[in-house]
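Rule-based calculations on the coordinates, nothing more; no lab input. Note that this is a predicted model, so its numbers are computed, not measured. Glycine gets a Cβ as well: all are built from the backbone with ideal geometry, and neighbour counts include every protein chain shown.
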2 protein chains.
Amino acid sequence: MKIGFDAMGGDHAPVENVKGAVESLEMISGDIVLYGDESMIRNELSKYKHDSARIEIVHTTEVIENDDKPVKAIKSKSDSSMVVGLKALRKGDVDAFVSAGNTGALLAGGLFKVGRIKGIDRPAICTIYPTMEGASVLVDAGANAECKPRNLIEFAYMGSMYAEKILGIENPRVALVNIGAEETKGTPLYIETHQLLKQTELNFVGNVEGRDVPTGKVDVIVADGFTGNIILKLTEGVALSLVKGLKREIMKNTIGKIGGLLLKKNLGDFKKMLDYTEYGGAPLLGINGLVVKAHGSSNAKAFKNAIKYAQLGVQTNLVNEIKLKISGLTSDEIDSDVSE
Amino acid sequence: MKIGFDAMGGDHAPVENVKGAVESLEMISGDIVLYGDESMIRNELSKYKHDSARIEIVHTTEVIENDDKPVKAIKSKSDSSMVVGLKALRKGDVDAFVSAGNTGALLAGGLFKVGRIKGIDRPAICTIYPTMEGASVLVDAGANAECKPRNLIEFAYMGSMYAEKILGIENPRVALVNIGAEETKGTPLYIETHQLLKQTELNFVGNVEGRDVPTGKVDVIVADGFTGNIILKLTEGVALSLVKGLKREIMKNTIGKIGGLLLKKNLGDFKKMLDYTEYGGAPLLGINGLVVKAHGSSNAKAFKNAIKYAQLGVQTNLVNEIKLKISGLTSDEIDSDVSE
């Protein structure tokens, strides 16, 4: 097995990327193919003891930047680490491709260079949402700002499959984000989607309100990409604000500082629960190949974990399982837009 | 000045309501009119020393329950504490009306019994959003699941006025919730609203992403009611989950318990920052009278603060200021839907 990895994507490329790749070798059985500037990569690689037989380098001359227009960048930068890596995935040279680069470009590249799974209208970003009771899955975390009911139904199927295969949750509880528990709540999109979800074979447990999203009482949180993106980033923002506020209170006086010192280890465990780098990557489900988006600010640890999860996705045959599931559905089950 | 108060609304009515009303007398200069079952109210009132000349009781025989259908309840329960109180507001018998009852019913009742401000298409719930740097304003927190651009523009004007009059913020920074900083981000609703907000006289500072909502770097957070409701409840949920997780870590071992004990006072201050009861009420802006929604689970302290803020709303002439502002706008400035 080979995991393709964009050495040039992310805020700390290629330093943290290469470090993460080397560290991941201890956790995975497969090998790694790094896409990027060869001399920069070799320079970083030389810093670490590693099994060079397990790391291949494919030299590329261009980099897609964060402020590049996604579609234009994919079309014009044909020798970028991202485009070359995605093409390799399409050809089967690698079994998965991980990148912390421009999200829109990765999505556009996935669509144009790798293609969609037949039957899927819109691929989605499927991310792990850490809760105090373990991990949930949030889909769509931001790929599709505007959605139709059929998109949310597809997200639900793909998210459920992800929870089952990657998190090992049997019969995952699928819930629809909404502003109330009643099935008549929300916008027409959510009201219609609720009715359609009830008719699926999924373990649909109804609506989940914002208040209950972080409790871990549901396994798959389904939302349009606008709402999902706000949920993901707001959760991060609230957690950061609270940790900052907590620190300020601890440092306020001597007795607080002593208390904080005694709590240091326990608070470390607490922070670990909130740490996105523990999961590190979010697959773009619906693409006909395993494309994993790592956080733009990923450090080596986040990359290591993203690569680990990518291998798990390959081992559990995630993309093919989704293909099989979707091809087994009649169009009635996922598509209510008969007028289209 | 008289503040009308629904003694029968909320999870702990009338016990906490009456207690809160009595306690509020020390903080306000006006008097209170309680709407509800007279004998129940008198029974509660008898528990507290208070100036009976400052509390009037208007006996009502019906109660609108949380699971009542809003419009139907307002139409059929004409002798409910909520309907009688709203009618009194319309007549000018009271200067504001505070209720912790059924939100939908309060909104419907506000529309049918008190009426809209001319020029406002949709009233909105305007709530204070506590941040580590002080209070922001979130509007709409859930009155309107589906919105048009003109609704969001109205929310922005009303929220800005609220931040100025009630929170005393000069030239409030108004921001539009979105999934990116760029003005091309989001759904068509948000893209169009962004352009319209740029043309207003408001201090529009652009989009605010979920991550920055809790930082307090903007004063007025504008969103459709679906998104706003999820922001409000998710923030509450994440904060609760984190406080629970923190407690668990503190209690995990002896050294943690000692640390927690030393930090007790500081953590108390920390929790206070997150405490919604400090603010207690959210006005339904756009109604032609000051209607304040208190949290359904309000305790006496939350009611006391809701009444205090209601008095502040009357003193600062909030509703009339909004009227003046809206009447001064040309329809071009708030309405792009020329086709309507």
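Can you tell me the FRET efficiency between A:Gln195 and A:Gln315 if r is taken as the Cβ-Cβ distance and R0 is 45 Å, rounded to the nearest 0.05?
Result of the calculation: an efficiency of 0.80.
Can you run phi through the Karplus equation (6.51, -1.76, 1.60; θ = phi - 60°) for region A:47-56 and list ³J(HN,Hα) in whole Hz, with x for Gly and Pro?
6, 10, 6, 7, 7, 5, 5, 9, 10, 9
With springs connecting C-alpha atoms under 10 Å apart, model chain B as a Gaussian network and identify which of B:Gly286, B:Gly256, B:Gly92 has the largest mean-square fluctuation.
Of the options given, B:Gly256 has the highest mean-square fluctuation.
For the protein assembly as shown, which semi-axes, largest first and in whole Å, follow from the square roots of 5 times the eigenvalues of its Cα gyration tensor?
So the equivalent ellipsoid measures 49, 28, 23 Å along its semi-axes.
Do any of A:Lys233/A:Lys323; A:Lys165/B:Lys257; B:Lys233/B:Lys308; A:Lys244/B:Lys47; A:Lys77/B:Lys198 go past 32 Å between their Cα atoms, and which?
Checking Cα-Cα distances, A:Lys165/B:Lys257; A:Lys244/B:Lys47; A:Lys77/B:Lys198 exceed 32 Å.
What ranking do A:71-78, A:84-91, A:230-237 get when scored by the average of other Cβ atoms within 10 Å per residue, highest first?
Order by mean packing, descending: A:230-237, A:84-91, A:71-78.
Would you pull out the residues with amide H under 5 Å of B:Gly186's amide H, same chain only if 5 or more places away, H placed 1.01 Å from N?
Residues meeting the criterion, in which the H sits 1.01 Å from N, are B:Ile179.
If the viscosity is 1.002 mPa s and the temperature 20 °C, what translational diffusion coefficient in µm²/s does Stokes-Einstein give for chain B when Rh comes from Kirkwood over Cα pairs?
Value of D from the Cα-based Kirkwood radius: 103 µm²/s.
Per-residue Cβ counts within 10 Å, from other chains only, averaged over A:126-139: what number is that?
Mean inter-chain Cβ contacts per residue within 10 Å come to 1.
Per-residue mean of other chain beta-carbon atoms within 10 angstrom of the beta-carbon, peptide B:210-217?
Per-residue shielding by partner chains comes out at 6.
Can you sort A:Leu111, A:Leu324 from fewest to most other Cβ atoms within 10 Å of each residue's own Cβ?
Listing A:Leu111, A:Leu324 from fewest to most nearby Cβ atoms yields A:Leu324, A:Leu111.
Could you tell me which trypsin sites (Lys or Arg not before Pro) in region B:99-157 are loop residues by DSSP with no more than 16 other beta carbons within 10 angstrom of their beta carbon?
Passing both the DSSP loop test and the Cβ count: B:Lys118.
Over the whole of A:250-262, what's the average partner chain Cβ count within 10 Å per residue? Rounded to a whole number, please.
5
Could you estimate the translational diffusion coefficient of region A:31-103 from the Stokes-Einstein equation, with Rh from the Kirkwood formula over C-alpha pairs, at 10 °C and 1.306 mPa s, in whole µm²/s?
Rounded to a whole number, D works out at 121 µm²/s.
Ranked by Cβ crowding within 10 angstrom, fewest neighbours first, how are B:His295, B:His59 ordered?
B:His59, B:His295
In region A:125-278, what % of DSSP beta bridges are antiparallel (nearest 5)?
If we restrict to bridges inside region A:125-278, about 40 percent are antiparallel.
At 25 °C and 0.890 mPa s, grab the translational diffusion coefficient of region A:125-278 from Stokes-Einstein with a Kirkwood Rh over Cα pairs, rounded to a whole number in µm² per second.
Using the Kirkwood radius from Cα pairs, D works out to 148 µm²/s.
Using the beta-carbon distance between A:Lys72 and A:Asn171 and R0 = 45 Å, what value does 1/(1 + (r/R0)^6) give for FRET efficiency, to the nearest 0.05?
FRET efficiency, A:Lys72 to A:Asn171: 0.55.
Only bridges with both residues in the protein assembly as shown count here: give the DSSP antiparallel percent, nearest 5.
Counting only bridges with both partners in the protein assembly as shown, antiparallel ones make up about 30 percent.
Loop-only GluC sites (Glu not before Pro) in region A:162-211, please: DSSP not H, G, I, E or B, and at most 12 other Cβ atoms within 10 Å.
Here the GluC sites (Glu not before Pro) that fit, given the DSSP loop and packing criteria, are A:Glu170, A:Glu201.
Measuring from label point to label point, each 7 Å out along Cα→Cβ, what is the A:Val243 to B:Met40 span in nm?
Modelled inter-label distance: 4.6 nm.
Tell me which DSSP H helices of chain A clear both cut-offs, 30 Å or more of axial length from alpha-carbon atoms and a mean Kyte-Doolittle hydropathy of at least 0.5.
What comes out of the filter, once short or polar helices are dropped, is A:225-250.
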